[in-house]
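See structure below.
The values are calculated or read from the model by the stated rules, or taken from the named source; none is laboratory data. Small disclaimer: the values here were computed from a predicted structure and weren't measured. Cβ sites come from the backbone with ideal geometry, for glycine too, and all protein chains shown count toward neighbours. To get the accessible areas, we keep the full protein, side chains included, count just its heavy atoms, and leave off ligands, DNA and RNA. Shrake-Rupley method; radii C 1.70, N 1.55, O 1.52, S 1.80 Å.
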Amino acid sequence: MVKIGLTGGIATGKSTVGRLLRQKGVVVVSSDELVHQAMAPDGAAYHRIVAEFGSEILAADGEINRRFLGKIVFKDDTARHKLEQIVHPIVIKEIRDSFEGYLKQGVPIVVVEVPLLFEVGWIDLFDQIWVVSSSLDHQLQRIYARDGLAEEDARERIATQLQLEEKENRADVVINNNNGLDSLEEQVSLLLRTLE
């Protein structure tokens with residue numbers, strides 16, 4: 001089984017690549033979904049996060065307000081580190097468990113989307129690292145459209161991550177997302193053929 005870590009910068013198109021891979025029958029695990037499950041009221045991290053950050057992070061329905069919590073941790077490295085210490089061990093265990101389960105099922109390729117793969121140091125979990133890359137202008141336009149952030153906030157979010165050029169240099173594969181969906185799909189198809 002080939003274990004692939006799929007990463008990139010904010011709004012470079014990781015989710016789109018993940019969707020294309022799923023459409024081609026590849027198993028794709030989203031670390032973001034694993035985080036959301038861990039932070040749900042019945043999740044493994046919920047009570048520890050509320051104890052650490054206080055009940056003010058809760059929405060009226062008792063769910064953790066991830067946008068509010070995100071504002072806290074994007075501006076405070078210590079707070080971000082505390083959140084990572086709670087959530088990351090749970091997510092790593094889920095990823096390893098999924099690898100074990102898919103290996104038993106004879107699944108040939110498992111891709112795990114990890115937005116901050118290099119930043120959190122999970123490189124050793126994977127056989128290959130694929131980085132989705134795009135120009136800063138494309139990133140900013142996608143962030144504006146997707147998140148409704150002002151330019152300053154969008155640039156600040158991008159700046160919290162490892163530079164995209166550094167991610168490209170450390171990747172086994174770079175997928176360029178500057179030329180539209182058809183180009184992206186063609187690159188994904190070619191990559192899958194190299195794994196057959």
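Would you mind telling me the antiparallel percentage of the DSSP bridges in the stretch 3-134, rounded to 5?
Values: 1 of 14 bridges.
Rounded to the nearest five, the antiparallel share is 5 percent.
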Compute the separation of the alpha-carbon centres of the stretch 140-186 and the stretch 56-103 and state it in Å as a whole number. 22
Sequence neighbours fewer than 8 away in the same chain don't count; with that in mind, list the lysines whose C-alpha is under 26 Å from Lys71. Lys14, Lys82, Lys167
Stokes-Einstein translational diffusion, the stretch 93-161 - Kirkwood Rh over all Cα pairs, 1.306 mPa s, 10 °C, in µm²/s: 109
Relative contact order as a percentage, the chain, C-alpha pairs under 8 Å and 6+ apart, gives 37
Using θ = phi - 60° and the Karplus relation 6.51 cos²θ - 1.76 cosθ + 1.60, list the HN-Hα couplings for the stretch 173-189 in order, rounded to whole Hz, with x at every Gly or Pro. 9, 10, 9, 8, 10, 9, 10, x, 5, 4, 5, 4, 5, 5, 4, 4, 4
Taking a probe of 1.4 Å and leaving out DNA, RNA and ligands, the stretch 75-196 shows per residue an accessible area in Å² of 57
In square angstrom, rounded to the nearest 10, how much accessible surface does Asp127 have for a 1.4 Å probe? 90
Enumerate the residues in the stretch 180-196 having an amide nitrogen under 19 Å from the point lying 7 Å beyond the Cα of Asp32 toward its Cβ. 180-181, 184-185
Rounded to two decimals, the Debye log10 I(q)/I(0) of the stretch 42-130 (Cα scatterers, no solvent) at q = 0.13, 0.25, 0.26 Å⁻¹ is -0.55, -1.28, -1.34
When each pair of different Cα atoms in the stretch 61-108 is counted once in the 1/r mean, what is the Kirkwood radius in angstroms, to one decimal? 12.9
Heavy atoms only, probe 1.4 Å: what % of the accessible area of the chain goes to carbon and sulfur, would you let me know? 47
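Which value in Å is the Kirkwood Rh of the chain over different Cα pairs?
Details: mean 1/r = 0.0563 Å⁻¹.
Roughly 17.8 Å, rounded to one decimal.
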